[in-house]
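In what follows, a single structure is set out as structure tokens and then discussed.
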Amino acid sequence: MKFFIDTANLEQIKEAQDLGILDGVTTNPSLMAKEGIKGAKNVKQHYIDICNIVDGDVSAEVISTDYDGIIKEGLALAALHEQIVVKVPMIKDGIKAIRYFSSKGIRTNCTLIFSAGQALLAAKAGATYISPFLGRLDDVSTDGLNLIEEIRIIFDNYLFDTEILAASIRHPMHIINCAKIGADVMTGPLSAITALIKHPLTDIGLAQFLADHAKNK
Ligand code: G3P
């Protein structure tokens, strides 16, 4: 399973990259706003800065919701860097735009996926990735993992190349369960990734090893 970090924070991206396990980055307009990135020029430079840190795909989301606007924005984003994947919302004009980008060899991430039907449609349009929002479904008492299971079955039935990018990951169990189901990619915060490192028995065991080593000195 590929590991993406879901942030626009350069320090956190560097930290994940330094761990040696990072395969890419996803951003969205909320994450960019959180970092105070304003204005078209600064936004573009920030995406380039991210691409220069990480060795992998970087999702950059369009703001437009009409076909012509999505195409114009997506072409400009894709031209910024070869690592850029154009993130397009799951709306009618978004599906049409994904088909266009696919025909031009521009990679896309169809975002805001909350149903298997949406995922199927985006895959048929030629999306490189589809992003089902696991945590946000859990937030409204709906099993997000069940959606990823359904999409896995559908994509396997028809051998779609589209990758399932499990998004809105909140904690380490989301990552483990996505890996068990067979999500191709997960994108989550640094806290969920580094939480995978921790286990109290590891800490106790290491303390014991070091104490026993010290006794032999
Ligand atoms: O980037 C899309 C998704 O990962 C958002 O996550 O935590 O805002 O639901 P969250």
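The values are calculated or read from the model by the stated rules, or taken from the named source; none is laboratory data. Keep in mind that this is a model prediction, so the values were computed, not measured. Cβ atoms come from the backbone with ideal geometry, glycine included; neighbour counts cover every protein chain shown. Each accessible area value is taken on the protein alone, full model and side chains, heavy atoms only, with ligands, DNA and RNA left out. Shrake-Rupley method; radii C 1.70, N 1.55, O 1.52, S 1.80 Å.
What to note about this one:
- Pairs linking a residue in segment 188-205 that is closer than 25 Å to Ala8 by Cα to a residue that is more than 16 Å from the ligand (Cβ to nearest atom) and part of a helix (DSSP H, G or I), with Cβ atoms under 9 Å and 6 or more positions apart or on different chains, are Leu190/Glu15; Ile193/Leu19; Thr194/Glu15; Thr194/Leu19; Leu196/Ile176; Ile197/Leu19.
- In segment 28-40, the residues that are under 14 Å from Glu61 (Cα atoms) form Cβ pairs under 9 Å with partners that are open to solvent by 70 Å² or more (accessible area, probe 1.4 Å) and more than 11 Å from the ligand (Cβ to nearest atom), at six or more places apart or across chains, as follows: Pro29/Ile63; Met32/Lys38; Ile37/Gln45.
- Scanning segment 51-63 for residues being out of contact with any Phe, Trp or Tyr (no Cβ under 8 Å at 6 or more places or on another chain) and open to solvent by less than 30 Å² (accessible area, probe 1.4 Å) gives a total of 4.
- Taking the conditions (1) without any contact (Cβ under 8 Å) to a residue 24 or more places away in the chain; (2) within 16 Å of the ligand (Cβ to nearest atom); (3) basic (Lys, Arg) in turn, Lys72 satisfies each one other than (2).
- If you go through segment 16-43 and keep only what is surrounded by fewer than 17 Cβ atoms within 10 Å (Cβ to Cβ), modelled with pLDDT of 95 or more and not in a helix (DSSP H, G or I), you end up with Gly20, Ile21, Glu35, Gly36.
- Some residue of segment 195-211 being aliphatic (A, V, I, L, M) and within 16 Å of the ligand (Cβ to nearest atom): yes
- Qualifying helices (runs of 4 or more DSSP H) (wholly inside segment 79-182; at least 1 residues being within 16 Å of the ligand (Cβ to nearest atom), of a type in the set (A, V, I, L, M) and open to solvent by 30 Å² or more (accessible area, probe 1.4 Å)): 144-158, 172-181
- Residue list for segment 1-27, filter: free of Cβ contacts under 8 Å to residues at least 12 places away in the same chain and not small (Gly, Ala, Ser): Glu11, Asp18
- Exclusive hit being touching a helix residue (DSSP H, G or I) at 6+ places or on another chain (Cβ under 8 Å) and under 30 Å from Tyr100 (Cβ atoms), set Gly126, Gly135, Gly117: Gly126
- Residue match in segment 101-109 (condition: of a type in the set (Val, Ile, Thr) and touching a Leu at 6+ places or on another chain (Cβ under 9 Å)): yes
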